[in-house]
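> Quick one: the structure is below, and I'll ask about it shortly.
The values are calculated or read from the model by the stated rules, or taken from the named source; none is laboratory data. On a predicted model such as this, the values are computed, not experimentally measured, just so you know. Reconstructed Cβ throughout: ideal geometry from the backbone, glycine too, with neighbour counts over all protein chains shown. Heads up: the accessible areas ignore ligands, DNA and RNA and are worked out on the full protein's heavy atoms, side chains in. Shrake-Rupley method; radii C 1.70, N 1.55, O 1.52, S 1.80 Å.
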Amino acid sequence: MTFSRFQSAGLRGLVLAGAGAVALGLTGPASAHEFNWESDEDFLEDVIAMDADDIAEMRADLAEARADIADAMRDIDEAKAEAASAPMGGFFAEAAFAAASAGVSAGVEGMDEAFKALDRAEATLAERRAELGEAEYRETKEALAMLRQELAGIQTALEELATKMKEG
């Protein structure tokens, strides 16, 4: 197998897997509901405004993001296997994965801001409990808990992806 064939076949899968992972890590999971993470008040208002259908749709979107990460991990295994059979393929794959892994790791670290926003929203929600009423309070609290749980799952999957990229 020539380098150009490796570059067009195996490296393409590698680049796609890495680019997808980096995009997930840097922009966060795609969701039908866009949040204003920069403003604590707007973020909490966005969550309060969600209804059961919005929450279910967001959960499905986040599950899809985890599935995309799992696909990227399978693509990495395939790209590594192909790279091993190409002259200098291991070297090029290692370099490409190191770069992609750095991007994924930065994205994972960036998710910490989302968790801090969730912490602040939960604190503000508790302060507004009487104003919102018990039903709205519970629904919003459950939505925040679901979001925290799903984002934690994505963060873990991205960490696993970064580790897989670094493995030789």
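> Here are some residues: Ala114, Ala98, Ala106. Which one is surrounded by fewer than 13 Cβ atoms within 10 Å (Cβ to Cβ) and in contact (Cβ under 8 Å) with a residue 12 or more places away in the chain?
Testing whether each residue is surrounded by fewer than 13 Cβ atoms within 10 Å (Cβ to Cβ) and in contact (Cβ under 8 Å) with a residue 12 or more places away in the chain leaves just Ala98.
> Which residue is most open to solvent (accessible area, probe 1.4 Å), if the candidates are limited to segment 120-162 and must be closer than 26 Å to Ala67 by Cα and of a type in the set (Asp, Glu)?
Top of the filtered list is Glu142.
> Within segment 99-114, is there a residue that is closer than 18 Å to Glu41 by Cβ and aliphatic (A, V, I, L, M)?
There is at least one residue in segment 99-114 that is closer than 18 Å to Glu41 by Cβ and aliphatic (A, V, I, L, M).
> Within segment 108-124, is even one residue in a helix (DSSP H, G or I) and farther than 20 Å from Ser39 by Cα?
Looking for residues that are in a helix (DSSP H, G or I) and farther than 20 Å from Ser39 by Cα, one finds at least one in segment 108-124, hence yes.
> Does Glu127 satisfy the condition of being of a type in the set (Asp, Glu) and within 23 Å of Met146 (Cβ to Cβ)?
Criteria met by Glu127.
> Going by what's in this entry, would Arg120 be described as within 30 Å of Ala49 (Cα to Cα), at pLDDT 80 or above and of a type in the set (Lys, Arg)?
yes
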